[in-house]
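First the structure, in the form of structure tokens, and then the observations on it.
The values are calculated or read from the model by the stated rules, or taken from the named source; none is laboratory data. Predicted, not measured: the structure shown is a model, and the values here were computed from it. Reconstructed Cβ throughout: ideal geometry from the backbone, glycine too, with neighbour counts over all protein chains shown. Keep in mind that these areas ignore ligands, DNA and RNA; they rest on the heavy atoms of the full protein, side chains included. Shrake-Rupley method; radii C 1.70, N 1.55, O 1.52, S 1.80 Å.
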Amino acid sequence: MTQINSQVRNYILVGISAGIIVGCLFAIKLYGRDTWVIISLAIALLIFGRSVDNILKLFAIKESIEAKKQLKIEMKDERNTLIREKSGSKTNQYMLYLNTAIILILGFKGVEIWMLGLFGFLILAQGVLSIGLYNYYDSRY
């Protein structure tokens, strides 16, 4: 029953937000790019996107009990956990490389020092998180 109510709510939200989007587009034609019209359009687009996402999830996800049990087993499987953690580690490593390349490129382009400091702080924070999470997962296994 809850599933049906949320599905009906999503359809209603899609309809209402689509109407607001059309209304905002007409208001843009009449009033130009007024701030309240743009904000209303952005909020309506967010609601529309979220509702459509929820509707698509209802169609895409199988809600059978066996599928939920199988998903739970796969999530707790040690091999899958190890693969997830290794892929997260590699992603973190490549993001550190990318951030370092960005800061070097920006440094050679003559960007202001505060922007370089901002990216430098990003690299520092990511490095501290990497070391902390590495120690956490190392002690876990």
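Before moving on, here are some points about what is shown:
- Estimated dipole of the chain in Debye, rounded to 20 [Cβ of Lys and Arg +1, of Asp and Glu -1, Cα centre]: 260 debye
- In this rough spin-label picture, where each label sits 7 Å from Cα along the Cβ direction, the Ile131-Asp53 distance is 3.5 nm.
- Cα-based shape type of the chain, given that a ≥ b ≥ c are square roots of the gyration tensor eigenvalues and the cut on a/c is 1.5: oblate
- Whichever lysines have a C-alpha closer than 24 Å to that of Lys69, once near sequence neighbours (fewer than 8 apart) are set aside: Lys57
- Estimated distance in nm for a label pair at Tyr97 and Trp36, the labels positioned 7 Å out from Cα along Cα-to-Cβ: 5.2 nm
- Summed over the residues of the chain and divided among them, the accessible surface reaches 81 Å² per residue at a probe radius of 1.4 Å.
- In the chain, the portion of solvent-accessible area held by carbon and sulfur atoms comes to 70 percent [1.4 Å probe, whole percent, DNA, RNA and ligands not counted].
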